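These notes are about the structure you will find just below.
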Amino acid sequence: MTPQEIFDTVARHLFTQGERAGREHRDEDGEVYDFECLYRAPAGRTCAVGCLLPDDAYRPSMEGSKPNTLTSLFSDLLPCWMASNVDMLVDLQRIHDSAVYWKGDVDMKFALGIAADRFGLDKSILDTLSFIRAEA
């Protein structure tokens, strides 16, 4: 994949999925005290990097590894374009992991737009995306 294909795929994925991929940790009162992001989460959700992982390459032991560690430790399983774009994967993963960017379209588009600019990518795909929120 080219850097532009990676960016477009991840942006489309994040808006389509509409929420982080992970697991909530709750205290004895049922209050959420932590959220653990996962490459592959329950209900088929995946994170920004997880959506790029080929199914046959994914291993549960990958969980907890940052993208740069992932591409180093599992280089024999992953496509070579992942390692050559690891800086962008780190940025996209940081966006996925930060709850603040999930507040709405504007926040997510802002963060992804900065990443696109940093890597010299076309960010026009962002104009076509929006979160689909269930009516209350």
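Structure notes:
- Span from the segment 11-41 Cα centroid across to the segment 60-133 one, whole angstrom: 16
- Structure remark: mean-square fluctuation, Gaussian network model of the chain, C-alpha springs under 10 Å; the largest value among Asp97, Asp29, Asp107 belongs to Asp29.
- Kyte-Doolittle mean at least -0.5 and Cα axial length at least 18 Å: DSSP H helices in the chain: 3-17, 105-118
- Global form of the chain, assessed from the alpha-carbon gyration tensor, a/c cut-off 1.5: oblate
- Using the rule -39500 (n - 2.57) for each DSSP H run of four or more residues, divided by the residues of the chain, the 222 nm mean residue ellipticity is -11500 deg cm²/dmol.
- Lys103 exposes around 150 Å² of accessible area when a 1.4 Å probe is run over every protein chain in place.
- Of the GluC sites (Glu not before Pro) in segment 1-43, those whose Cβ has at most 14 other Cβ within 10 Å and which sit in DSSP loop: Glu19, Glu28, Glu31
- Candidate cross-link partners of Lys103 among the aspartates and glutamates, defined by an alpha-carbon separation under 20 Å and a same-chain spacing of 8 or more, comprise Glu19, Glu24, Glu31, Asp34, Glu36, Asp91, Asp127, Glu135.
- Taking all protein chains as shown and a probe of 1.4 angstrom, Thr2 keeps an accessible surface of around 70 Å².
- The share of accessible area on the chain that comes from carbon and sulfur is 50 percent, using a 1.4 angstrom probe.
- Cβ charges +1 (Lys, Arg) and -1 (Asp, Glu), total dipole of the chain, debye: 280
- Heavy-atom accessible area order for Cys80, Cys51, largest first, 1.4 Å probe: Cys80, Cys51
- Top of Ala11, Ala43, Ala21 by mean-square fluctuation, Gaussian network on the chain, Cα under 10 Å: Ala43
The values are calculated or read from the model by the stated rules, or taken from the named source; none is laboratory data. This structure is a prediction, so every number in the text was calculated from the model and none was measured. We place every Cβ from the backbone using ideal geometry, glycine too, and count neighbours over all the protein chains shown. Surface accessibility is based on the protein's heavy atoms, side chains included, excluding ligands, DNA and RNA. Shrake-Rupley method; radii C 1.70, N 1.55, O 1.52, S 1.80 Å.
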